[in-house]
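Visitor: The structure follows.
The values are calculated or read from the model by the stated rules, or taken from the named source; none is laboratory data. Remember, it's a predicted structure, so these values are computed and weren't measured experimentally. Every residue, glycine as well, gets a Cβ built from its backbone with ideal geometry; the counts of neighbours run over all protein chains shown.
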Amino acid sequence: MSTARLIFLTSIFFVWSISSAVAQTKSVADIANYRGADREEMLKASAKKEGKMVWYTSLTAHREIANIFEAKYPGIKVETYRAGPNDLTRRLLSEAQARRNIADLVETTPATLMMMRDGKLLMPYFSPYLANFPDDSKEQADKSRVYWTTDRESIVGLGYNRNLIRAAEVPKSFAELVKPENKGKIGVSGDTTGVRFIGAVIKAKGEEFVKQLRALDMKMHMISGGAVHELMAAGEMPMSISIFRNHVLAARPKGAPTEWVPLDLNPTNAGGVALPASSNSPHAALLFVDFLLSPEGQKIFEEKFRFATSTKDYGFRRWYPEKGYTLEQYEKAEDHWKKLLRDLVLK
């Protein structure tokens, strides 16, 4: 069953949280829109009274980031729940059905956030750091408030093992990728990483161009992009079109013989930070939002965890596949890309 269908079936359960806690919702709305010069001090003082917040995220480094925040703001405890995006979506839907509001803050990939937006579960918010972020990285609610902001990026491009292929031989564009000399050298992840790569090819070159990839005799691996990188680092394949830039950067100090190059258009897995409309600790949650979006928070993401930040131009084109879609429209597009990818590798 699609997530969009689940939204429809469970939407009746969302009404209670809006109707039974109107006073709190209004309070959350006021806090989320606060723009006073004393914003940080106001949020900090009230967050200490709240004592703790619950953070739902798909970030692997959730506890490390929470520890940095707790050290910066003593007296505010962050309880974390980490799961993959699909499991996180199911948990949020399950809690909505059970009429429970647990998450004070959500940070995950767009599909889950789109579900929450379409289910009227998000509170638009203001942050003084929003002006640092380009329009594409924000899901606008109105001119000055957002439903979420992209706080981290994992960019998919072409990776290669420098022990197996020379840098001069590495394709630098989609046109170079489909050259005959690359036949049999390329692996691809069969999960969303490879699927979104097909979407980028269509976006940049058109669907007809995708057919040219079939001649490459690519080998599909039904594992994540991160696992494909490990195979490539171990010498199992010379190149892959489903490699995350941050995985290569993180592995480099450990001696991995892998490199990453951008192509014409690079699909980007975005992590966005959003405020649930029913947040029980909105002051702490918004203080955490400001922390993640601040130059300090973005530096931590980039330098400590090797994510890209949407506030910087790295000299190549990034693309958010979900941008501009409703959840139902995106699921249909992704299903189409998945079919095209399967057709490319079928013998």
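Visitor: Quick one: how many residues across segment 301-347 are in a loop (DSSP other than H, G, I, E, B), crowded, with 18+ Cβ neighbours inside 10 Å and assigned by TED's automatic domain parsing to the domain that holds Ser137?
Guide: Count: 4.
Visitor: Answer with yes or no whether Pro276 is touching a strand residue (DSSP E or B) at 6+ places or on another chain (Cβ under 8 Å) and not assigned by TED's automatic domain parsing to the domain that holds Lys49.
Guide: No: the conditions fail for Pro276.
Visitor: Go through (1) touching a strand residue (DSSP E or B) at 6+ places or on another chain (Cβ under 9 Å); (2) closer than 15 Å to Glu331 by Cβ and name the single condition Met115 misses.
Guide: Met115 satisfies every listed condition except (1).
Visitor: Still on this structure, I have one more. Give the residue that is surrounded by the fewest Cβ atoms within 10 Å (Cβ to Cβ), with candidates limited to residues of segment 263-300 that are β-branched (Val, Ile, Thr) and not in a strand (DSSP E or B).
Guide: This residue is Ile300.
Visitor: Within segment 246-271, can you find the residues that are of a type in the set (Asp, Glu) and farther than 24 Å from Asn163 by Cβ? Quick ask: steps written out before the conclusion?
Guide: Our first condition is that a residue be of a type in the set (Asp, Glu); within segment 246-271, this holds for 259, 264.
Asp264 - this is the single residue of segment 246-271 that is of a type in the set (Asp, Glu) and farther than 24 Å from Asn163 by Cβ.
Here is a yes/no grid of residues against (1) touching a Ser or Thr at 6+ places or on another chain (Cβ under 9 Å); (2) buried (at least 20 other Cβ atoms within 10 Å of the Cβ); (3) assigned by TED's automatic domain parsing to the domain that holds Lys299; (4) touching a residue at least 24 places away in the same chain (Cβ under 8 Å):
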{"site": "Arg100", "(1), (2), (3), (4)": "yes, no, yes, no"}
{"site": "Thr112", "(1), (2), (3), (4)": "yes, yes, yes, yes"}
{"site": "Met115", "(1), (2), (3), (4)": "yes, yes, yes, yes"}
{"site": "Asp118", "(1), (2), (3), (4)": "yes, no, yes, yes"}
{"site": "Leu121", "(1), (2), (3), (4)": "yes, yes, yes, yes"}
{"site": "Leu130", "(1), (2), (3), (4)": "yes, no, yes, yes"}
{"site": "Lys143", "(1), (2), (3), (4)": "no, no, yes, no"}
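Visitor: Would you pick out the residues in segment 156-170 that are of a type in the set (S, T, N, Q) and more than 8 Å from Glu259 (Cα to Cα)?
Guide: Pass one, segment 156-170, residues of a type in the set (S, T, N, Q): 161, 163.
Scanning segment 156-170 gives a single hit, Asn163.
Visitor: Pairs please, first residue from segment 294-313 and more than 19 Å from Thr268 (Cα to Cα), second anywhere and hydroxyl-bearing (Ser, Thr, Tyr) and assigned to a loop (DSSP other than H, G, I, E, B), Cβ atoms under 6 Å, 6+ apart in sequence or on different chains.
Guide: So the pair list comes out as Ser294/Tyr129.
Visitor: State whether the residues of segment 242-262 include one that is assigned to a strand (DSSP E or B), hydroxyl-bearing (Ser, Thr, Tyr) and either in contact with a strand residue (DSSP E or B) (Cβ under 8 Å, 6 or more places away or on another chain) or buried (at least 21 other Cβ atoms within 10 Å of the Cβ) (or both).
Guide: yes
Visitor: Does segment 154-201 hold any residues that are of a type in the set (Val, Ile, Thr) and surrounded by fewer than 18 Cβ atoms within 10 Å (Cβ to Cβ), and which are they?
Guide: Residue satisfying the conditions is Ile165 alone.
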